[in-house]
1. May I ask you to list the aspartates and glutamates whose Cα is less than 15 Å away from that of K57, ignoring any residue fewer than eight positions away on the same chain?
2. In a GNM of the chain with a 10 Å cut-off on Cα contacts, which of P45, P109, P183 has the highest mean-square fluctuation?
3. Give me the number: length gained by fully extending E94 to K26, i.e. 0.36 nm times residue separation minus the C-alpha to C-alpha distance, one decimal in nm.
4. Using a ≥ b ≥ c from the Cα gyration tensor of the stretch 212-290 (square roots of the eigenvalues), is it rounded, prolate or oblate, where a/c under 1.5 gives rounded and otherwise the larger of a/b and b/c decides, a/b for prolate?
5. Using only the Cα atoms, what convex hull volume per residue in Å³ does the chain have?
6. Take F219, F17 and order them by how many other Cβ atoms sit within 10 Å, fewest up front.
7. Exposure proxy check: L79, L55, L260 ranked by fewest other beta carbons within 10 Å?
8. Would you mind checking which residues have amide H under 5 Å from V11's amide H? H placed 1.01 Å from N; only 5 or more apart, or other chain.
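Throughout, read-outs are computed from the coordinates displayed, never taken from laboratory work. From a predicted model like this one, the values you see are computed outputs, not experimental measurements. We place every Cβ from the backbone using ideal geometry, glycine too, and count neighbours over all the protein chains shown.
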Amino acid sequence: MNLNSLRGTGVALITPFHKDGRIDFKCFKKLLERCIDNKVDYLVPLGTTGEAATLTKDEKNAVTDFVTEVTDGQIPIVLGMGGNNTQELLQTLEDTDFSKIDAVLSVSPYYNRPSQRGIYQHYKMFAANCPVPVILYNVPARTGSNMDAEITLELAHDVKNIVGIKEASGNLEKVMKIIKNRPKDFLVISGDDVLALPIIACGGDGVISVFANAYPKDFSEMVRQALEGNFDKAKKLHYKMLDMMHAIFVDGNPSGVKGLLSVMGSCSEFVRLPLLPVSKSTLNRFEAMI
C-alpha cells in the first residue's frame, strides 16, 4: 500500500454500545460516515478506545466486517491487533481475513513486562507472519513497559514489514530521536491528541486520535494544515480544541469521549465493565464547553 495514505489523522474508533451491552451498529454506522464525510485519513477499529479488551472473538470479527462493509474501500482501515501471548497472536493472524485491511496497529506486549529484546523478538515474529504492514504502538501508561527509541529504530531498520510507530509515551525528546534516525518512509505517529501538533512540527506524520471521534472535521483540518506547514492556521485550531482535548481524559478513555458524544447527541455513554461512564460533573463540564 501507499504509506502516504496513513499520514494525517487516523481515528481510534470507539465501539458504541446499547445499555444492555450489545454493540450499537446503527450508531456505529453514523460515526463511520461522519468520519469519512469530514475527511479523516483512515480509521482504526479494535484499539484501546474501541474497548477491544472486553470484546469476544465473534464481536471483534463482527466489528471488523461491519467497518469494512460500511467504508467500502473509501478510506484505509488499520486494524488493532495486539496481545501479550505471541503464539496466540500468530494464531489470530491466521484466523483473520485481511482482504480489506490495509495495515495493523499492534500494541507492545502488556502485563508480562518483557525486556527490550523480548519486545523486539515479539514484533519481529509478528511482522514476519502478518500479511499487511505493521505499525508499532508504544503506550507505557497502559502496558507497563516502555519501548526504547533504540528498539523502535532497530525494528524499523531490520524488519521491512514494520512501517511506523504510534508513540504515546509523551516523551518529545524520544520522539525526536526516532524521527531523526528512522529509515526513509517510516511513519512516526502521535498517540496523544494534545501532542499531535508539536510532533508534526518536529517532523512527525500525524496522529491516531481519540478526540476525532467527536470533532473529526476540526481535528483533521488542524493536522492537515500542520502537515502542509501552515502552522498559524493549525495553532488556531489546536488552541480552540485544547481544553476539550484535556477534558475527555479526566475520567479515562473511552469513557470521556463517549460521554462527550452523548452530550452531542451522537452516541450513548455506555461502556463495559470494568470501565464506568463519566461523572455527572464531567458531563456538565462538556455541556458548558460546547
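1. D65, E88, E94, D95, D97
2. Fluctuation is largest for P183.
3. Extra length from E94 to K26 when fully extended: 21.5 nm.
4. Numbers: a/c = 2.58, a/b = 2.20, b/c = 1.17.
Cα axes put the stretch 212-290 in the prolate bin.
5. On the way: hull volume 34.4 nm³, N = 290.
Roughly 118 Å³ of hull volume per residue.
6. If I rank by nearby Cβ atoms, fewest first, I get F17, F219.
7. Lowest to highest Cβ neighbour count: L55, L79, L260.
8. For V11, whose amide H was placed from the backbone, the distant partners under 5 Å are Y42, L43, V44, S209.
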